[in-house]
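Student: Got a structure here, written out as structure tokens. Questions coming.
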Amino acid sequence: ERFRMERNNIFHIINQTSRQISKSFNEQLVPKGLYMAQWAVIRYVKKNGPSSQKQMCDYLHVEAPTLTRTLNRMEELGLIQKTESLDRRAKIIRLTAQAEELFPKWEKEVEAFVKPVIGTLTDDELATTIHTLKKIVERLQ
């Protein structure tokens, strides 16, 4: 009975965890000029290079209008640049020199946010959590 209740609660727990992570991240990093949604874009482009909005939506699991708002704000802030691709309807998103310059500072700030939370987990707990969450995402796609 208890197992069934926990199984039914897992999506609620994951959702609450995700919301709390976003809230806490923004509380700590917005004063330093960075929102979680912006960090997700910056980290994605830094790792994968210039990318289309569709590629980012697919990877970040966000709707196009949501990402468009984030990208427009980031463009206003001088963090990204949109250029035309071969398909004129699609834009390629790349980081600006300003974002590239700020990346190491932001990466340290994110690490300072993550470390006290994740640092309480053993290597096995962290590996199991990552494996389990990836498995859930795969099943949902």
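Student: Bins of 10 Å, beginning at zero and ending with the bin holding the largest distance: percent of Cα pairs per bin for the stretch 36-105, please.
Tutor: For the stretch 36-105, the pair-distance distribution reads 21, 60, 18, 0.
Student: Could you please state how large a percent of the accessible area of the chain is carbon and sulfur, counting protein chains only and using a 1.4 Å probe?
Tutor: Ligands and nucleic acids excluded, carbon and sulfur reach 54 percent.
Student: Accessible area per residue of the chain at 1.4 Å probe, in Å²?
Tutor: I get 74 Å² per residue for this part.
Student: As I understand it, the value is the acute angle between the Cα axis of helix 123-140 and the longest principal axis of the Cα atoms of the chain; what does it come to in degrees, rounded to 10?
Tutor: 70 degrees
Student: Alpha carbon centre of the stretch 1-60 versus the stretch 81-128: separation in Å?
Tutor: Result: 11 Å between the Cα centres.
Student: Largest first, how would Asp87, Asp124, Asp58 line up by accessible area (1.4 Å probe)?
Tutor: From most exposed to least exposed: Asp124, Asp58, Asp87.
Student: Let me ask something else. Quick one: grab the alpha carbon gyration tensor of the stretch 66-141, order the square roots of its eigenvalues as a ≥ b ≥ c, and give me rounded if a/c is under 1.5, else prolate or oblate depending on whether a/b is larger than b/c.
Tutor: oblate
Student: Amide H neighbours of Ile92 under 5 Å, at least 5 residues apart or on other chains, H built in the peptide plane: list them.
Tutor: The answer is Thr83, Glu84, Ser85.
Student: Restricting attention to the alpha-carbon atoms of the chain, what are Rg (one decimal) and Dmax (integer), both in Å?
Tutor: Expressed in Å, the Cα Rg and Dmax of the chain come to 17.3, 56.
The values are calculated or read from the model by the stated rules, or taken from the named source; none is laboratory data. Fair warning: this is a prediction, and the values are worked out from it, not measured in the lab. Ligands, DNA and RNA are excluded from the accessible area calculation, which covers all protein heavy atoms including side chains. Shrake-Rupley method; radii C 1.70, N 1.55, O 1.52, S 1.80 Å.
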